[in-house]
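Working notes for the structure below.
The values are calculated or read from the model by the stated rules, or taken from the named source; none is laboratory data. All of these numbers come straight from a predicted model, not from anything done at the bench. So basically every Cβ, Gly included, is an ideal-geometry build from the backbone, and we count neighbours across all protein chains shown. The protein model used for the area step is the full one, side chains on, heavy atoms only, and it has no ligands, DNA or RNA in it. Shrake-Rupley method; radii C 1.70, N 1.55, O 1.52, S 1.80 Å.
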Amino acid sequence: MNRPAGSYPYFDEPFALMAHRGGYLDEKDAPRENSLYAFGRAVEAGYRYLETDVHATSDGHLVAFHDQVLDRVTDASGTLAAMSFRQVREARIGGIDQIHTIDEVLESFPVARLNIDIKAPGAIAPLVRTLQRHQAQDRVCVSSFSWLRLHRFRKLMPSVATGLTAPAVALSAFVPMLPRLISLGGQAFQIPVTQTIGGRSVRVLTPRLITAARAHGLRIHIWTINEAAEMDDLIDLGIDGLISDRIGLLRDVAKRRGLWAD
């Protein structure tokens, strides 16, 4: 049976405001996502929750990075899983920032909460070791698009809060599987409003899901929301958190709605 979200220190704020990849969407800063610079801007702005992604290098270093390859946001190319940490470290995000380890993120922002998305199976064991090394189990919520990755992580670290995958939740629009999804061990639906399944856009955030979450003590965090009107609409529906690239805008909306804790 699931432990309710409220029993985890990670969920000690009633509404979670998360900086997506550090809150990188800024004309002068893009694409400096998942960099210490981006995370630092979010923390300086007052954010306590930072969203990031993890991959492992060929020699087992766990790094904060979204893509499988370096090409999109760095001045280098190559596949992370096939490269050593020394090689990855030579790349620069946006031509400026080094790629950093999750150890460095945890050490640089010691009071921040991290929402961590496991992007590759090779990152599972390094993530477990990293969290154990820093005794950071209470500071994180771990999620993934892959149910199998999450299942493997939960078996290794059952005391850590985890999310429920968006594709699995989206499938519940077609079949009555929400009770089974809820029994899988997660504490939060971390989902988009809609999800593409088989080429069809499916509404994931539904009244049925909200009702089920409330009944089972689960939280609902929605990504990635970058417009004020949509933020307001979602808050009105009664969700428990928003993930955004536009950290200034999200802060303004949260303050106006009485959800910002200084």
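Okay, here's what the table says:
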quantity	calculated
Amide H contacts under 5 Å for F65, placed H, 5+ residues apart	D53, V54, H55
Helix-only CD estimate at 222 nm, as mean residue ellipticity for the chain, using -39500 (n - 2.57) per DSSP H run (n ≥ 4)	-8500 deg cm²/dmol
Rounded FRET efficiency, nearest 0.05, which uses the C-beta distance separating R133 from A45 and R0 of 22 Å	0.20
Share, in percent, of DSSP beta bridges within the stretch 37-134 that are antiparallel, nearest 5	55
Heavy-atom SASA rank of K255, K155, K119 (probe 1.4 Å, accessible area, largest first)	K155, K255, K119
L148/D252 FRET efficiency (R0 30 Å; Cβ-Cβ; nearest 0.05)	0.15
Rounded, prolate or oblate (a/c below 1.5 giving rounded, otherwise prolate when a/b exceeds b/c) for the stretch 1-105 by Cα gyration tensor	oblate
Förster-model FRET efficiency, 45 Å R0, D75 and T211, C-beta, rounded to 0.05	0.40
Antiparallel bridges, percent of DSSP beta bridges restricted to the chain (to nearest 5)	30
Residues of the stretch 85-99 with amide N under 19 Å of the 7 Å Cα→Cβ point at D59	85-92, 98-99
D67 paired with A120, simple spin-label distance in nm, labels 7 Å along Cα-to-beta-carbon	1.4
Residues in the stretch 127-170 reached by a label modelled at E107 [backbone nitrogen below 18 Å; 7 Å Cα→Cβ]	127-137
Accessible surface of the chain [probe 1.4 Å, protein heavy atoms]: carbon and sulfur percent	53
